[in-house]
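These notes concern the structure reproduced below.
Every number in this text was worked out from the coordinates using simple rules, so none of it is lab data. Note that the structure is a prediction, hence the values are computed from the model and not measured. Neighbour counts are summed over all protein chains in view; Cβ atoms, including those assigned to glycine, are modelled from backbone coordinates with ideal geometry.
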Amino acid sequence: MNFFAYQNGRLFAEDVAVHDIAQRHGTPTYVYSRAALEHRWRDLDSAFGSHPHTICYAVKANSNLAVLNVLARLGSGFDIVSQGELHRVLQAGGDPSKVVFSGVAKSEAELRYALEKGVRSINIESLAELDRVQDVASQLGVRAAIAFRVNPDVDPQTHPYISTGLEENKFGVRMDAAFEAYQRAASLPNIEVHGIACHIGSQITKTSPFSDALERVLDLVERLADNGIALQQLDLGGGLGIDYQGETPPTAQEYVGAMLNGIKARGISLPIAIEPGRYIAGNAGILLTRVEYLKQNASKQFAIVDAGMNDLLRPSLYQAYHDIINASNHSEPSQVLDVVGPVCESADVLGYERTLAVKAGDLLAVQSAGAYGFVMANNYNTRRRPAEVMVDGNVAHLVRERETLQQLTAGESILD
């Protein structure tokens, strides 16, 4: 389903013209569709059928309170990687007992906060972290539920910056060391061995890497069970890709079906947690930007827009492709041009060699910008971060105001 579509030659988000959003809130502005978020979450939820499961939305993909609240209302769990993300989940009405705490560098303060709030499980990334969790849990007089994030050394066939399941990546415990790690955890007085976790990367467009990783994880699950360590949950991570440029990733039913078939073939019936982020939020958002100038160089044409790499970093960081469309269909002749931003860097390009019918002043929509968009925005060049809007049917809610100039320097001071 497409929740961003043309009506009478103008682009709409659900039932709201994006031109009206831009006129009211300016540009650049992120626009999200509530219906799109809910549709994607429900797709995954229904794919599990009656099998016990928890969908733990990966907060790092898009952490706006309105996004988190929409998902919390559906009963979603959450995958977090920082104290700040847990704070956001709680502010948005999320249930801490449905939260898994991932990440490689959890501080004592973060672990204390998570245990005090009652998160479901802490995904342990190293033996040093296990010792730290034991110490913090002992100080609090509680038992910490943990899962080791194991590294299955599976190539997810994605961009190297978003590959997390290979031996050279910083994430997880090596498979050949995981059994001994679980034995050690089971011996600690303030540790409850709860589950096993695995996440191999992001923007994965085949089921085979997931299935390969699952087989290696299940080998360890069976070995642990044979030695008296019974797990309560399989956390199989996220990483399911979306269509940016004609990719054909698995459907929710194919993705979940591969998991369920894998565990059923082994006679294992553990509850499953998954950590989707991009799949839910990616195509539920766009970035609106205005064309400031058209410029012709000797061999290049440029559309210079008011959104830059500080607003949407993915094209510069990952060489990621986002489709860019004009928010109005009009009769201007098409041109092949680079869509570039105002940031003082040559890398500030939102799209190379795009064919667009465009003129100065036009409103453009950068598509598939709902995940890893605003969350990676920054104030480079002392630029204000964009506003964020959530559309719900025919109503557009401002869910984050654009920063003011005064906010850009809040907390700073000059010398006496």
Cα-based convex hull volume of the chain per residue, rounded to whole Å³: 160 Å³
Extension reserve of the Glu222-Ala186 stretch, reckoned as 0.36 nm per residue once the Cα distance is removed: 11.4 nm
Size-normalised alpha-carbon gyration radius of the range 103-274, reference 2.2 N^0.38 Å: 1.05
Of all DSSP beta bridges in the range 103-274, antiparallel share, percent nearest 5: 5 percent
Backbone HN-Hα couplings from phi across the range 254-263 [Karplus 6.51/-1.76/1.60, Hz, Gly and Pro as x]: 5, 5, 5, x, 5, 5, 5, 4, x, 6
Residue among Gln301, Phe101, Ser334 farthest towards the positive dipole end of the chain, charges placed on Cβ: Ser334
Positive-pole candidate from Leu260, Gln203, Ala213, dipole of the range 164-271, charges at beta carbon: Leu260
Full-extension gain in nm, Ser269 to Gln245, via 0.36 nm per residue minus C-alpha separation: 5.0 nm
Radius of gyration and Dmax over the Cα atoms of the range 1-100, both given in Å: 15.8, 47
Table column - 3J(HN,Hα) (Hz), the range 123-132, Karplus curve with 6.51, -1.76, 1.60, x for Gly and Pro: 7, 7, 10, 6, 5, 4, 5, 4, 4, 5
Karplus-derived 3J(HN,Hα), 6.51/-1.76/1.60, for each residue of the range 178-184, Hz, glycine and proline x: 6, 4, 5, 5, 5, 4, 5
Long-range HN-HN contacts of Ala58 with modeled amide H, under 5 Å: Asp79, Gly277
Distance from the range 230-248 to the range 197-223 (C-alpha centre basis), Å: 9 Å
Value at 222 nm in deg cm²/dmol, rounded to 500, when DSSP H runs of n ≥ 4 in the chain each add -39,500 (n - 2.57): -9000 deg cm²/dmol
Charged-residue dipole, Cβ positions (Lys, Arg, Asp, Glu), the chain about Cα centre, Debye nearest 20: 560 debye
Estimated dipole of the range 1-122 in Debye, rounded to 20 [Cβ of Lys and Arg +1, of Asp and Glu -1, Cα centre]: 80 debye
Residues with amide H under 5 Å from that of Asp306, placed H, sequence gap 5 or more: Arg290, Glu292
